[in-house]
Every structure is written in structure tokens, then in C-alpha cells.
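Engineer: Sending over a structure as C-alpha cells; questions will come in a sec.
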Amino acid sequence: MSDPALGLSMLGLIVVVIMLGFPTAFTLMGLGMFFGFIAFYDPASPWLDNKVFDLMVQRAFGAMTNETLLSIPLFVLMGYVMERGALVDKMFHSVQLAFRRVPGSLAVTTLIVCTFWGIASGLVGAVVVLMGVIAMRPMPNGGSDTRRAAGVITAGGTLGILIPPSVMIIVYAAVAGQSVVKLYAAAMFPGFFLAFLYLVYVIGWAMLQPKVAPKLSPDKQRAPITPWVAHIAQSYSPRMLPALFAAVVSPARALRGAAEGVRITWWMLLRSLLTSLVPLTLAAATLGSVWWYVTIYSQKDANGPVAEQQATQKTPGATATLPEAPSSASSESGTGLAEPPTDDAPKEAGSDSGLQEPPGGVEEPPGSETAAAPPAAEGGLQQLGEAVEAPKTAAVPEAFYTGFLLASLFTLALLGWYYWRMDAEQFEILRMLVSSVMPLATLTLVVLGVILFGITTATESAAVGAAGAFLMAWQAGTLDFKKTKEAVFLTLKTTSMVCWLFVGSALFSAVFALLGGQRIIEEWVLGMNLSPLQFLLLSQAIIFILGWPLEWTEIIVIFVPIFLPLLAHFQIDPLLFGVLVFVNLQAAFLSPPVAMSAFYLKGVSPSHVTINQIFAGMMPYMLIVILCMVFMYIWPGLTLWLPQYLYG
């Protein structure tokens, strides 16, 4: 049998063996070792001198030294700590009260909590199980259809592997050699857009068929009002914001009313006032952050060199001293003034950084090696001027200021309407939201913000997230030594699985390429003369079909690397292709017969809920996933705009 035939046999055999139930990581390593031994076999050499053993060691060492994988155990630990800390119960109740008047409020609440909880944990199984325990009984008891309830929980639970921070994105980055930060930025908008499509479907379905998702009973729509809050509302005003302002400024009436043994203090009134101002503070912080980043931070990076160059050109004698820089030795640090004139410098830079460097650095220097120093210096000044005049960040467009003004006015109007309607009951709901949702939302924003803005690396951000999860669970008083030990053990188990899987896939792909299997597939695809759209449809269809019998880990580490070398030929951005794969793998969790989300939910559902009902409830959401992929191809900016804006 020829080597390419052996390679194709490997590819077919791995699918069969995995479907038989063998562990994926060790199956990959076993097949890689077996076929690699055949590929490297030399009858003249002893068996133990086969090079496949050296390849195994090299691939294992490469996985151990891969810095991209360092953030996996920390992100996984963050998710398991919050899952074991049982921090989601209070959040579900408060969000349900906040959306109690929305059609299909229980389904909407489930989707919102799944989205936020999935972002924080990144664990599909944990989110589906938790939401199944919390929401699977109340939704049918409230009149919701069982299939619809199952579909909402399973679809919402899978969002955790798409919206950053996600372990799947980290594994793809390690396999494809892409930046984790750019992939996080690219997956941000598609993830929230898919969640938005889910919400539109749920609310639209509840409005068209009210019997399927009836409104909650009046007693479940009311939030309990504590006696001291009722006392403040009666003593000052039914609108809580002016009432709390008045109580803080003139607390005499408030302090006289000890409601049912609750001692009211001035500090309690001040804390309540600050709590009522949380929506205003969040709106101001969001708008201020956007204004600071767009108009100050990004423009400072772009215009700083321009200002320095202009100041240098205005300084007397600057043009006289600059030509001496090339001749004063290139030992002065890499300011860029000494490199452009010589032919050696561009060649050396190109050899260091590969073919990814811009072509200008190679083509700019003159072909003659005997160029005089003054012309070289002028060439260096021209290149320096060109680099300064073309900053990476474009000027802020005028449309931004108009849009920012309209957004600010709309936000002020919305806040005014909210505070005008905020009575004692609404204030109690706000207090519950602040205590249950705010810590998780703050931790999530910090973890994602420091990554996207380049303040920390993904590994450092994961460490911050893990520490924040411990603090949240400790503050809630729900994490003891036993639960901490369970979280650490599960983290070790999951991380070991991912890392061994990465070692096995590295060995398998190396042997597969050595046998010529990769070349055969590339020649087959290129011989079909496909357009980029046809190639995308073919690759995504194959991944979609593979999602039926296989999990996302096998697809990412075994089959996605087969398509990666072909992206350059079809001029497809690896970021766009990767996010399309992420969205496509959402369907893998929702597609029978191996829809893992369905089996997770079945394990915690009432006995009368059948697996066929869960499968039927997931089907509409699978179609929504395909619709999201269509939007992503028609409008690539949905995926590529944010990484291009943040990182150029």
C-alpha cells in the first residue's frame, strides 16, 4: 500500500475508532505511532531506533511549551468555581422579575442567564445541567411547552463555547497558529448576534402563540418589598430616587420609623441611594469608555509619532544631525534611521520575520550597494516620514460624533423614563440585580476588557478571572473546602484531556502529512476548481456532518487542520473561517444523534420528558445557527470589524 493510501486509511480509521467509544487522545497517539512506525521503518535499523519515537517526544514537548494553552486551566477553573459555588440561583430569580412583563419571560430569562453564565464559565455541560435543574420544572409548570423549554435551555447552554472567553477558541488558536486575542475579538459580535437571534425567535414565538408560553401568574410577577423600603416610600415619595435623595439630605423622618425591628441608619440610606444610581453609573461608564477609547486612546497611538516628527522638523539643526545617524553605527538601538540605507538590514529583517512583513521594507532600498551616505540618509528620512504619515489608526469619522450624540440622548431619555417609573417594587428588583448580576457582569467585563484592549495577555486575564471567581463564591458563602476540591479536580481532569488531545492531534497530523494524505486532499480540492464560496460551503458542510457523531474537540484538532492550508489559496481570512467553525459547532451540540446538550439535559429533567422531545425542541435553533452563518458570510464585517479596528 502506498504512503498516501496509508494516510487516507488513517483518516477513515480514526472516525471509526472514535465512534466505537475509544478515548480520542490516546486513539490519536496510538494510530500516529503505528502508522508513523510504518512510515519511518528502515529494515537496516533496529526497531527502537525508529524516528517515530523522536517525533512523539518532540510533539509532546511542543504541546508542553505552547504558551497559548496556559490559559485553559485558569479559565476552566474560573468556570468550575462559579458552577460549584451555585451563584446562578439568585441571578435567575432577579432576571425573571426584571423581565416579568416580556412575552415568554421565563424563556427570555433562561436565554439571558445562559448567555451570561456561559460567558463566565465557558462550560457547556455545566450550564445546561444548572439551567435544567433551575428552569426545566418551572417552565412546564408555568404552562410552557416542554419541547420549547428544552430547546431554550440546550441552545442557550451552548453559547458558552462561542462567546469569549472560550476554551474552544484557545484550542483553535493553538491548532491554527492564530492570535487568541484577535479570535476573541472576532467571535464577540457573532456570539451576541446569535444570542440576539435566539431572543427574537423566543419572543416572536411567544407573541404569535401565547398559549405555548403564557404569562406568569400575578403573584409570581410581584417582588417582595421590605418594610423599611415601604416606609421610605410612604414618608417621602412613591418615586424612589427623589425619596432616597430626600432621605439622605433630611433623614429625620426616615430614622424615626423603625420598621418591624429593622434599624434604619443614615449609612443604609446612602448605600440605597448609591444602589439606585447604578444604572446611571453604568451608562456613564459605558459611554465614557467608548469616547475615551475612540477619541483619545486610539488617536494617541496614531498621532503621537506625528507630533514628535513635527517637533523634530521644527527644531533647528535637526536635518543636519539626522544624516550622521547611519554613519554613527548601527549599534545605537533600532531607531530605524540606520537600517533603510543598507541592503543587509532589510534582508535580515525579512529572514527573521518570514514572508509576513510588508513588501515596502524589501523594495525601498536602492539596488546599488555603493550608495553614498547622504542619499541613504535622505532615503531613511523619506521612509521615516512615510511611516509617520500613515498611522495604523484612521482619524475619527464625523459620523461617530453624530452617532455618539444620538446614543447619549437616547440613553438619557431611557434613564429618565426608568427613574420616573421606579417605585418601591422596582427598587427591590434593582437591589436584587445589583447583588446577583453585578459581580458576575463586572468580572466578565474585566476579563474580556483587559484582553481586548491589550492590557494583559489571555493567560493573565484568566488568572484574574479565576481569582475573581473565588472572591465571588467566598462573598456569597457558598464555597467550602469540599466544593473547592471538586472544582480543582474537575479542572485538572478537563485540562489533562485537552492537553493530551493536543499532543495526540499534533502527532497524528504530522504522520498524516508525512504519508502524503494532506497533499492528496489538497490536490483533490484544488482539482475541483471551487470558488471561495463553494469551498466555504463544502468545508462547513463537512464540519456540520462530522458534528453528528463527533464532539468539537475531535473536529477542531483532527479535521480543521486539513482545511487550514487551503485558506491562503482561496483568500479566506483564518479569523473568519475560525468563527464560522465556532458557530457551526453550535449545531454539533444541537444535532442528533450525538447531541451532547440533549443528554446533559435529559439527566436532570423529570422522568416524563423524553429524549425525542428534547431533540424536537432543538431543531429550530439549529436552523437559527445556519441563518447566523449566512449573515456572517454576507456581512463579513460582523466578524472582522472589531479585530481590524482594535489591532489593525
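Engineer: What is the Rg over Rh value, at two decimals, for region 4-43, using alpha-carbon atoms and the Kirkwood definition of Rh?
Structural biologist: Details: Rg = 10.8 Å, Rh = 10.6 Å.
That ratio is 1.02, to two decimals.
Engineer: Please go through region 67-148 and write out the trypsin sites (Lys or Arg not before Pro) that DSSP classes as loop and that have at most 14 other C-beta atoms within 10 Å.
Structural biologist: Values: sites: 84, 90, 100, 101, 147, 148; in loops: 100, 101.
Sites meeting the loop and neighbour criteria: 101.
Engineer: Would you mind counting up the charge near residue 224? Only other residues with Cβ under 10 Å from its Cβ, with Lys and Arg at +1 and Asp and Glu at -1. Numbers along the way, then the final one.
Structural biologist: Values: positive: 222; negative: 425, 428.
Here the charged neighbours net out to -1.
Engineer: Calculate the translational D of region 154-298 in whole µm² s⁻¹ from Stokes-Einstein, where the hydrodynamic radius comes from the Kirkwood formula applied to all Cα pairs, the temperature is 37 °C and the viscosity 0.692 mPa s. Can you show the working numbers first?
Structural biologist: Working: Rh = 20.4 Å.
Estimated diffusion coefficient is 161 µm²/s.
Engineer: P(r) for region 438-549: what percent of alpha-carbon pairs falls in each 5 Å bin, starting at zero?
Structural biologist: All Cα pairs, binned at 5 Å, distribute as 2, 9, 10, 11, 13, 12, 12, 12, 9, 6, 4, 2, 0 percent.
Engineer: Place the peptides 279-289, 615-625, 3-13 in order of packing, highest mean first, counting for every residue the other Cβ atoms within 10 Å and averaging per peptide. Display every interim value, and only then the final one.
Structural biologist: Details: 279-289: 13.7, 615-625: 19.7, 3-13: 16.2.
Top of the packing list down: 615-625, 3-13, 279-289.
Engineer: Enumerate by residue number the chymotrypsin sites (Phe, Trp or Tyr not before Pro) in region 497-589 meeting two conditions: DSSP loop (anything except H, G, I, E, B), and at most 13 other Cβ atoms within 10 Å of the site's Cβ.
Structural biologist: In loop regions of region 497-589 (DSSP not H, G, I, E or B), there are no sparsely surrounded chymotrypsin sites (Phe, Trp or Tyr not before Pro).
Engineer: Output the Cα-based Rg and Dmax of region 508-637 in Å, rounding Rg to one decimal and Dmax to a whole number.
Structural biologist: 16.9, 53
Engineer: Expected output is a single nm value to one decimal: the length gained when fully extending between residue 212 and residue 37, i.e. 0.36 nm times separation in residues minus the C-alpha distance. What is it? List each step's numbers first, then the result.
Structural biologist: Working: separation 175, 0.36 × 175 = 63.00 nm, distance 6.03 nm.
That pair, residue 212 and residue 37, stretches by 57.0 nm at full extension.
Engineer: Pulled fully out, how much extra length does the chain show between residue 296 and residue 26, if you take 0.36 nm times their separation in residues and subtract their Cα-Cα distance?
Structural biologist: Result for the pair: 92.0 nm of gain on full extension.
Engineer: In percent, what relative contact order does region 8-147 have, based on Cα pairs under 8 Å that are 6 or more apart in sequence?
Structural biologist: Contact order relative to length: 15 percent.
Engineer: How much net charge surrounds residue 502 when only the other residues with a Cβ under 15 Å from the Cβ of residue 502 are counted, with Lys and Arg +1 and Asp and Glu -1?
Structural biologist: Working: positive: 59; negative: 67, 551, 554.
Combined, the nearby Lys, Arg, Asp and Glu give -2.
Engineer: Any chance you could run the full-extension gain for residue 542 through residue 489? It's 0.36 nm times the residue separation minus the Cα-Cα distance, nm to one decimal.
Structural biologist: On the way: separation 53, 0.36 × 53 = 19.08 nm, distance 3.52 nm.
Working it through step by step, the gained length comes to 15.6 nm.
Engineer: What is the percent carbon and sulfur in the accessible area of region 577-642, measuring with a 1.4 Å probe over the protein chains and ignoring ligands? Intermediate results must be reported in sequence, preceding the final value.
Structural biologist: Details: 1930 of 2510 Å².
In region 577-642, the share of accessible area belonging to carbon and sulfur is 77 percent.
Engineer: Another one. So how strong a dipole does region 1-131 carry about its Cα centre when Lys and Arg Cβ are +1 and Asp and Glu Cβ are -1, to the nearest 20 debye?
Structural biologist: On the way: 6 positive and 7 negative charges, 162 e Å.
The dipole of region 1-131 has a size of about 780 debye.
Engineer: Using each residue's phi in region 201-217, evaluate 6.51 cos²θ - 1.76 cosθ + 1.60 at θ = phi - 60° and report the 3J(HN,Hα) Karplus result to the nearest Hz, with x for Gly and Pro.
Structural biologist: 5, 5, 5, x, 5, 5, 6, 7, 10, x, 5, 6, 9, x, 5, 5, 5
Engineer: Go ahead and run the numbers for FRET between residue 474 and residue 519, Cβ-Cβ distance against an R0 of 56 Å, rounding to 0.05.
Structural biologist: Details: r = 55 Å, r/R0 = 0.98.
The calculated FRET efficiency here is 0.50.
Engineer: Same structure, new question: What fraction, in whole percent, of alpha-carbon pairs in region 185-259 exceed 18 Å separation? Walk me through the numbers on the way to the answer.
Structural biologist: On the way: 1806 of 2775 pairs.
The calculated P(r) of region 185-259 puts 65 percent of pairs beyond 18 Å.
Engineer: In sequence order, what are the phi-derived ³J(HN,Hα) couplings for region 446-463 according to the Karplus relation 6.51 cos²θ - 1.76 cosθ + 1.60 with θ = phi - 60°, rounded to whole Hz, with x for glycine and proline?
Structural biologist: Values, residue by residue: 5, 4, 6, x, 5, 6, 5, 8, x, 6, 9, 7, 5, 5, 5, 5, 5, 5 Hz.
Engineer: Can you work out the Karplus-derived ³J(HN,Hα) for every residue in region 403-419? Use 6.51 cos²θ - 1.76 cosθ + 1.60 with θ = phi - 60°, whole Hz, and x for glycine or proline.
Structural biologist: x, 5, 5, 5, 5, 5, 5, 5, 5, 4, 5, 5, 5, x, 5, 5, 5
The values are calculated or read from the model by the stated rules, or taken from the named source; none is laboratory data. In this text the structure is predicted, and so the values were computed from the model without any measurement. Positions of Cβ are backbone-derived with ideal geometry, glycine not excepted, and every protein chain shown enters the neighbour counts. Quick note on the areas: whole protein, heavy atoms, side chains included, nothing else; ligands and nucleic acids left out. Shrake-Rupley method; radii C 1.70, N 1.55, O 1.52, S 1.80 Å.
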